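Here, each number is a calculation from the coordinates, and none is a lab measurement. A quick note: this is a predicted structure, and the numbers were derived from the prediction, not measured. Please note: Cβ atoms are built from the backbone with ideal geometry, for glycine as well, and neighbour counts cover all protein chains shown.
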Amino acid sequence: MKIDEYIPIVGEEAVEEVKRLGEDLKDRELLHINSTYVGGGVAELLKSLVPLMNDVGLKTEWKTILGDKEFFDITKSFHNALHGADIEITQGMMDKYLEVNLSNAEHLELSKDFIFVHDPQPAALIQFRKGGKWVWRCHIDISSPNRGVWDFLAKFVSKYDAVVVHLPDYKRPDLQRPQCVIPPSIDPLSEKNIDLPASYVEKVLRKYDLDPEMPIITQVSRFDRLKDPLGVLKAFELAKKGISTFDFRSLLDENTFAFDLFRTLKYRVSLQLVLVGGSATDDPEGEKVHYEVFKKAVSDRNVHVLMLPPDAHREINAIQRGSTILIQKSIKEGFGLTVTEGMWKGKPVIGGKTGGIKYQIIDGETGFLVSKISEAAERILYLIKNPKVRRSMGIKAKEHVRKNFLVTRHLRDYLKLMKEVQVK
Ligand code: UDP
């Protein structure tokens with residue numbers, strides 16, 4: 001992608017600002033390091049940011065660290081612990097974590113002007129710095145972490161030149177390093193978010209046995225307990241009970257052929273639920289959670305548990321666009337790119353009242369924040385019954401994303417940060 005292609009979406013001024021900042025950093029070498037090229041939000045972000053950083057003049061590369069299952073089991077438990085889970089960190093876990101970071105340091109070219117290390121998996125690489133400025137980019141809610149795991153990781157994090165968190169609440173008072181807040185973003189021109197023809201959206205819905213005429217509620221997420229897929233299933237079951245007595249006509253725009261056709265008929269609406277979730281190579285829990293969800297859902301033909309390949313971005317885009325409501329009922333969520341994606345598609349999103357979701361959904365304006373399953377069910381019902389509210393929330397949601405959560409703003413913030421850290 002070229003930065004100029006974003007002018008019709010964000011305006012010339014915003015793009016010119018990014019280009020000016022890029023000019024100031026021209027030919028500087030930058031390396032991003034994370035733990036997977038596919039699956040999850042970090043990979044999604046880097047796929048868009050890395051080419052754009054190159055386009056504006058930086059020599060930008062993206063590398064991932066290699067690790068075996070034992071390593072990723074440990075780092076997934078760190079991830080859960082940073083979100084507050086009660087996990088005891090053993091000497092064996094620490095040794096394995098350091099051993100894998102050491103072996104990666106031997107293979108990575110670490111002499112660059114800037115190194116951005118994403119999340120805890122590669123955080124210990126800082127021990128092998130060979131100059132340059134190092135930034136730790138944290139994509140997790142670290143506001144109330146498990147003490148043992150945080151204290152272990154903080155030994156490395158405190159060696160970085162700067163730490164970037166998603167939200168003001170995630171800054172750590174115990175970290176004596178410059179901390180800056182940069183929320184994530186989505187790329188409106190990526191396969192995941194680009195506009196699609198209605199015919200393609202319908203084709204994808206039918207491919208997965210979804211009826212485009214009936215309401216569809218969708219959650220797109222890795223199969224992770226913190227994303228609460230079983231809670232979504234329960235909310236759907238509750239909402240379905242409320243819908244059985246509801247008249248289908250109020251779903252339709254008045255004065256349409258379909259409205260006339262259904263005027264005299266009493267229809268039973270069948271709500272459909274889609275849980276779409278691929279796997280990520282750095283998340284070994286996915287398969288187990290997928291199986292649990294699948295077992296619970298198998299008896300309801302209106303529940304579709306879809307495991308799509310990691311590159312199914314266009315199809316996920318189509319499913320989001322073809323949905324009536326999007327849901328992201330997370331219990332903990334660093335940011336929640338799926339919320340941003342849904343809002344960009346002009347959909348109201350029902351989200352768990354947690355982490356970054358709270359910053360994206362303006363409750364009652366661009367969607368709803370919920371803390372309980374029953375609340376999620378109520379909000380589903382309300383939105384199903386009120387197409388006008390859905391439409392007006394969707395319009396506001398898209399504008400909220402345009403102003404705050406697009407990749408051009410993210411790129412601008414990174415370039416500003418790099419200019420600041422290079423003089424320190
Ligand atoms: N995603 C995907 N396929 C899936 C599940 C998720 O492409 O089966 C994408 C999703 O569209 C979003 C990202 O992965 O862009 C997930 O980011 P989010 O911040 O919501 O959650 P994370 O996985 O980083 O916790």
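Annotations for the structure displayed:
- The H on the amide N of SER330, modeled in the peptide plane, is under 5 Å from the matching H of GLY352, each at least 5 residues off or on a different chain.
- Computed lengthening from ILE7 to SER144, 0.36 nm per intervening residue step minus Cα-Cα distance: 45.4 nm
- For region 145-223, relative contact order (Cα pairs under 8 Å, six or more residues apart, normalised by length) works out to 18 percent.
- Which listed pairs, of LYS171/LYS296; LYS192/LYS332; LYS26/LYS47; LYS76/LYS234; LYS76/LYS192; LYS47/LYS388, have C-alpha distances above 31 Å, in listed order: LYS171/LYS296; LYS47/LYS388
- Set LYS19/LYS396; LYS19/LYS416; LYS353/LYS398 screened for pairs whose C-alpha atoms are more than 18 Å apart: LYS19/LYS396; LYS353/LYS398
- Site pair VAL181 and LYS26 shows an inter-label distance of 3.5 nm when each label is modelled 7 Å from Cα along Cα→Cβ.
- With the largest listed first and rounded to whole Å, the semi-axes of the equivalent ellipsoid of region 68-167 from the Cα gyration tensor are 22, 17, 10.
- Near GLU88: Cβ cut-off under 13 Å, other residues only, Lys/Arg at +1 and Asp/Glu at -1. The net charge is -1.
- Label point 7 Å beyond Cα of ASN386 along Cβ direction - residues of region 340-358 with amide nitrogen under 16 Å: 347-351
- Under 5 Å from the amide H of LEU306 lie the amide H atoms of LEU275, VAL276, GLY277, each residue being 5 or more positions distant or on a separate chain, with H modelled from the backbone and absent for Pro and chain starts.
- In a fully extended conformation the segment linking GLN422 and PHE128 would gain 103.9 nm over its present Cα-Cα distance, using 0.36 nm per residue.
- Residues whose amide H falls under 5 Å from that of ILE115, counting only those 5 or more places apart or on a different chain, are LEU31, LYS133, TRP134, VAL135, with hydrogens built in the peptide plane.
- Distance in nm between pseudo-label sites at ASN54 and ARG402 (7 Å out along the Cβ direction from Cα): 3.0
- Between region 103-127 and region 335-356, the alpha-carbon center distance in angstrom: 31
- Remark on region 129-185: hydrodynamic radius 11.8 angstrom, per the Kirkwood mean of 1/r across alpha carbon pairs.
- Pairs of alpha carbons in the chain whose separation is greater than 38 Å (percent): 23
- Distance cut-off 13 Å, percentage of C-alpha pairs in region 286-330 lying past it: 68
- Net charge contributed by nearby residues that have their C-beta within less than 10 Å of ASP141 (K/R +1, D/E -1): -1
- Normalised by the number of residues in the chain, the mean separation of alpha-carbon contacts (under 8 Å, six or more apart) gives a relative contact order of 18 percent.
- Phi angles across region 314-321 convert, under the Karplus curve 6.51 cos²θ - 1.76 cosθ + 1.60 with θ = phi - 60°, into 3J(HN,Hα) values of 5, 5, 5, 3, 5, 5, 4, 5 Hz, Gly and Pro given as x.
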